[in-house]
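Read through the structure below, which is laid out as structure tokens, and then see the notes.
Only the coordinates and a few stated rules stand behind these numbers; no lab work does. Just so you know, these numbers come straight off a predicted model, no measurement behind them. In this analysis, Cβ positions are derived from the backbone assuming ideal geometry, glycine residues included, and neighbour counts consider all displayed protein chains.
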Amino acid sequence: MDKWMDNPWFIKVVALVLAVLLFGSVPKNDPDKPSDVNVPSDEKVETIEEVPVKRIYDTDTLVVSGVPETVSITLQGPKNLVQQAKTLRNFEVFVDLTDAELGNQRVPITIKDVSDRLTVTIEPGYANVSIQEKVTKEFKVEAEFSGNIVEEGYLAEKPAVKPNKVKITGAKDVVDKITFVKATVNSSGKISETITREASVLALDKDMNKLNVIVDPQVVEVTIPIKSSSKMVPINIVRKGTPPSGVTIDSITLETKEAEIIADPSVLEKFDNVRVEVDVSKVDEDTEITLPVIIGEGIVKISPETVKVALKVTKASEKRISNVPIDIGGIDEGYEVDFLDPENGQTILTISGPVKLFHPCHLMILRF
């Protein structure tokens with residue numbers, strides 16, 4: 001045995017056998033069976049969507065456009081590192097424009113605070129940006145609204161805006177395009193009285209396209225004065241029907257003699273009066289009634305809508321008057337007249353008419 005141990009070839013053979021035995025003792029992964037061994041170095045690929053992009057530049061003097069709001073990043077590397085980055089999101093995606101010059105340029109989108117053992121792909125990897133000088137200008141706000149929101153028969157006067165001026169900040173070339181600054185008032189229904197509404201301010205170019213600028217304040221108050229399109233006209237009385245037999249209508253008077261009519265100006269020109277129709281066919285005594293004021297087509301409102309009407313009447317009556325002497329006139333001299341019937345030269349009168357006329361002073365002596 002000692003001789004073998006001293007033999008270098010024996011030592012080499014033993015070492016070879018031990019190496020073979022050790023190799024055979026290492027477990028092998030069966031591709032058809034899941035491995036129970038967690039190997040930290042296993043590779044994994046993961047994509048994270050909608051990762052916000054930070055912009056680094058002088059926000060006080062510059063305006064930057066063209067940088068995407070979000071990007072997608074793909075992480076590749078050890079499974080535990082990929083999972084940790086996905087869960088914690090303790091990395092930052094940014095565009096550094098600290099040393100960029102004014103104008104248009106293509107800049108890389110980069111990432112920091114991510115493990116060096118991970119391979120990172122950013123999509124998109126570049127941004128075409130525009131760097132402009134930031135300016136602030138003051139503009140007057142013009143209020144606008146649709147005429148369809150105003151009730152028929154009413155007129156909208158010039159609206160008032162509070163505040164009537166706003167400050168607009170943006171890239172110089174964009175601010176220079178501002179042609180209109182408008183605050184649009186919307187209403188869910190028709191309006192017939194003065195209203196005050198909040199309205200958002202929009203900066204528009206000459207083609208009425210909205211511009212990407214900052215407006216301060218963004219919301220203003222708009223007051224739209226509303227007044228009625230109206231005029232005062234007389235109320236005419238129109239009689240309808242015939243009074244009952246024996247009834248005389250002495251007078252018809254109105255408590256209110258004028259009314260205010262509301263309509264579009266073109267309609268108002270056509271009307272000089274309105275009317276109340278009084279049916280006298282059933283009036284047999286003094287009475288007071290309330291009747292509607294009748295309006296013409298196109299008039300949307302009238303005030304008052306009804307009026308009180310007072311009617312004064314006189315009823316007819318009969319009266320018999322006896323012993324009325326008959327006086328004969330126009331007889332030539334030399335002639336005399338004797339009454340055959342009635343022999344006493346007196347008659348009986350039956351008078352029919354208003355009671356107030358039955359007065360002695362109104363009696364007539366018949367003369368022939």
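Remark: the stretch 202-267 projects, on average over all directions, an area of 10.2 nm² (convex hull of Cα atoms).
In plain terms, if you count all Cα to Cα distances in the stretch 211-346 and split them into 5 Å steps from zero, the share in each step is 2, 7, 12, 10, 8, 7, 6, 6, 6, 6, 5, 5, 5, 4, 3, 2, 1, 1, 1, 1, 1, 1, 1, 1, 0, 0 percent. Work out from phi, with θ = phi - 60° and the Karplus expression 6.51 cos²θ - 1.76 cosθ + 1.60, the ³J(HN,Hα) of each residue of the stretch 56-61, listed in order in whole Hz, and give x for Gly and Pro. My calculation for the stretch 56-61 gives 10, 6, 7, 6, 7, 10 Hz in order.
Of the trypsin sites (Lys or Arg not before Pro) found in the stretch 256-332, those that fall in a DSSP loop while having at most 10 other beta-carbon atoms within 10 Å are LYS282.
Proximity of backbone amide H atoms, modeled 1.01 Å from N, is registered between THR194 and ILE226 at under 5 Å, excluding neighbours fewer than 5 places apart on the same chain.
In this structure the amide hydrogen of ALA143, modeled in the peptide plane, comes within under 5 Å of the amide hydrogens of ALA183, none closer than 5 places in sequence on its chain. For LYS134, the residues whose amide H sits under 5 Å from its own are LEU62, VAL63, ignoring neighbours fewer than 5 places away on the same chain, with H placed 1.01 Å from N.
Phi angles of the stretch 293-309 translate, via the Karplus equation with coefficients 6.51, -1.76, 1.60 and θ = phi - 60°, into HN-Hα couplings of 8, 8, 10, x, 5, x, 7, 8, 7, 9, 9, x, 7, 9, 9, 8, 10 Hz per residue; Gly and Pro are given as x. Take every Cα pair under 8 Å whose residues are at least 6 apart in sequence, average their separation, divide by the length of the stretch 49-196, and the relative contact order is 24 percent.
Could you calculate the FRET efficiency of ILE48 with GLU221 from 1/(1 + (r/R0)^6), where r is the beta carbon distance between them and R0 is 30 Å, rounded to 0.05? Show your work: numbers first, answer last.
On the way: r = 45 Å, r/R0 = 1.50.
Taking R0 as 30 Å, the efficiency between ILE48 and GLU221 is 0.10.
Extension gain for LEU204 to SER188 (0.36 nm times residue separation, less C-alpha to C-alpha distance): 3.3 nm.
Under the Kirkwood approximation applied to all pairs of distinct alpha-carbon atoms, what is the hydrodynamic radius of the stretch 259-315 in Å?
Values: mean 1/r = 0.0769 Å⁻¹.
Averaging 1/r across every pair of different Cα atoms and inverting gives 13.0 Å.
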